Every structure is written in structure tokens, then in C-alpha cells.
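*Asks:* Got a structure here, written out as C-alpha cells. Questions coming.
The values are calculated or read from the model by the stated rules, or taken from the named source; none is laboratory data. Since we're looking at a predicted model, the values are computed, not measured. Reconstructed Cβ throughout: ideal geometry from the backbone, glycine too, with neighbour counts over all protein chains shown.
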Amino acid sequence: MRRRALLMLLLAVPLLGAAPPPVLKPMTTLDAPVVRLRDLFAHAGAEADRVLGPGPAPGGRIVVPAEQLAYIARRYAVDWRPGSPADRAVLARPGRDFSRPEALAALRSALAAAGAGADAKIALDRFDPPLVPADTTVATAVTALQYDPGSGRFSAVLALSGARMEPLSLALAGTVQRMVSVPVAVAALPAGTVLGPGDLRMARRPAGSLPGAVARRTDQAVGMQLRRLVAAGTPFALAALAPPVLVRKDAVVLIRIDRPGITLTAEGRALQPGGAGDAIRVLNPTSHAVLAARVIAAGEVRVSPDAPPLVPAGGWVR
């Protein structure tokens, strides 16, 4: 009696080391571009690593219905049967957008090697980001690069590759703007400002964005006076720069007339403002003659001894 009870107990206990039965995986996150038998069933047996076919693209998923699961189980000797027609397995593959900055970084290196400049501004005509595996480091290679320095136009093929992903190729085209160094205002500067070294800094700007002729060196701007407001970060247009006004309109000025061996001076009234080297009109208040003069210093002008007056002595000036 005892022997029979012991035998029944032993038959009721699974043998040590027996494999657990196959179990359906209702949701699986894939880390490879293919689907294996083990992605559908846990404890799938000897054929667990069998490749069944391609997996979804990064960011996509595949739904395997009960009927197809049953066929796969029979085909590869997996001891599993659907418990319901609603049984299914969902195979998802995480993905992410291959970003524009990643594409530009690869293009920048290739274009710099082609002579475009390491900090050139690159504008793509169009960029549709492809999906790549979320957990894969993507390697890039630029091929078939065509670059025209004259127009700045380029075209290229960007190849993407990495572990657990199918290689991808992107056709890209766009424009490169060469960068140049120019002085720019460190802050908003009002008209009339005489520029000092602390009013400007050197900055890189796209050559095509410069507003016409601008100062390219600091010595072209320092010491000059602004004709108009200049916004912070803006290059200095040459048309907005002028020598500082050394003589203001209606100000009293010292008139110098240099003759061989002698210099004559007299006081006059400036009829026009002017900076160093500017030609202005000056009134002699005693004779009322109007003279053509050139500004030589603050409050000082020089008149050529041989130049006739613009308005003779005794003339009337409006």
C-alpha cells in the first residue's frame, strides 16, 4: 500500500530538469531587423533562434494573428495551440528620427574638406528625417559630393549604417554660405556715437547676409562716428560711418591761412558741420566774406591763400 502511494506521488511531481512548456509572448520589443521564433514564444525549444523573416522598420510593428501563430508552432514543433481566436503577438521595434543636426554635422565635415569652410552656414533644400533604431549608434558617410564654390550649391548622398539596422541612403541638396569675420556692435549704438574699441567685437557672419559694403577690420570702425542707429550684433555699413564731427554748424572756428614763412589766423563762423578733411563753408564775421575751408582739427579749419571767396567781402549770407 505504501509502495503504491509513493509511486503515485512520484508520478505527480515533474521530473527535475524538464523544460517548461512554450508560452505565447503577446508583446515583444525587437532589437534586431529580423523576427526569430523566440520573439513569439517563450521556451520555444531547439529552434528558438530560427529566423522567421524580416521585422518591422524602426518605429513600426507587426501583428501576428492566432491562425498564423498556430501554423508557425506546427511548422517548428512548438507545443502550443491558440486558446482563443483573439490570441495574437505584437512585435514592435523602437525607432527615432535621424535628426537634421546629425545630417548637417556629417555634411559640414565633407563640405569643409571640399573648401567650403569649417563654420559655413548650410541650408538644406529639403530634409525628411528617416527612422533609425532607437538604441543604435548610426554611422554616417557622405558620398557623391558635388560642390560649386561660385554659387554655393551642393548635392550629396548620405549613407547611414549601424548595428541591427538596414543601411539607408539619403539624397541631399542645398546651399552653403561662406562665413567671414566682421566687426559688430556689442550693444545698440545711437547715431552720433564715436566708436571706441569697447563698442565692437569681431564675429562670424554669412558673407551673403552682409548689407552691402561693411567694415571688415576694427580699424575701419574705431574712431568713426555713426550716422544712424546700429543694432546690437549688427555689422557696420561703411555708409553709416563718418569721421567724427570736429566742427559744428554755427560754431566759432579758428581760420588758418598758411603762406610761405607765415601763418595768419582769424576767427570765423562755420556755416556747415564737418569732420576731419571735410570741405565746409566758413563766414568771416568782419568782412562777411564766405570762404571755402577744410576741417583740420576740432574747431579749426584751413583756407587756401589763393582760393577766391565764395561770397565776396560785404556779401550777404542767408
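*Asks:* Could you grab the pairs with beta carbons closer than 7 Å, sequence gap of 6+ or different chains, first residue in region 32-60 and closer than 22 Å to Pro129 by Cβ, second one part of a strand (DSSP E or B) and small (Gly, Ala, Ser)?
*Replies:* So the pair list comes out as Pro58/Gly95; Gly59/Gly95.
To keep it simple, each residue is scored yes or no on (1) out of contact with any strand residue (DSSP E or B) (no Cβ under 8 Å at 6 or more places or on another chain); (2) modelled with pLDDT of 95 or more; (3) farther than 21 Å from Arg164 by Cα; (4) outside any strand (DSSP E or B).
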site: Leu10; (1), (2), (3), (4): yes, no, yes, yes
site: Pro14; (1), (2), (3), (4): yes, no, yes, yes
site: Ala18; (1), (2), (3), (4): yes, no, yes, yes
site: Ala32; (1), (2), (3), (4): yes, no, no, yes
site: Asp49; (1), (2), (3), (4): no, no, no, yes
site: Ala57; (1), (2), (3), (4): no, no, no, yes
site: Ile62; (1), (2), (3), (4): no, no, no, no
site: Asp79; (1), (2), (3), (4): yes, no, yes, yes
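*Asks:* Now, a different point. If I filter region 160-171 for residues that are farther than 30 Å from Gly60 by Cβ, outside the structural domain of Val222 (by TED's automatic domain parsing) and at pLDDT 90 or above, do I get at least one hit?
*Replies:* No, every residue in region 160-171 fails to be farther than 30 Å from Gly60 by Cβ, outside the structural domain of Val222 (by TED's automatic domain parsing) and at pLDDT 90 or above.
*Asks:* Let me ask something else about it. What tally of residues in region 177-194 results from selecting those that are surrounded by 15 or more Cβ atoms within 10 Å (Cβ to Cβ), at pLDDT below 95 and not β-branched (Val, Ile, Thr)?
*Replies:* Looking only at that region, the number is 3.
*Asks:* Something else about it: Which one of Gly198, Gly208 is farther than 29 Å from Gln146 by Cα and either surrounded by 14 or more Cβ atoms within 10 Å (Cβ to Cβ) or out of contact with any Pro (no Cβ under 8 Å at 6 or more places or on another chain) (or both)?
*Replies:* None of the other options fit; the residue is Gly198.
*Asks:* Checking Pro149 against (1) assigned to a strand (DSSP E or B); (2) modelled with pLDDT under 95, only one condition comes out false. Which one?
*Replies:* Looking at each condition in turn, Pro149 falls short on (1).
*Asks:* Of the residues in region 274-303, how many are assigned to a loop (DSSP other than H, G, I, E, B) and in contact with a Leu (Cβ under 9 Å, 6 or more places away or on another chain)?
*Replies:* 7
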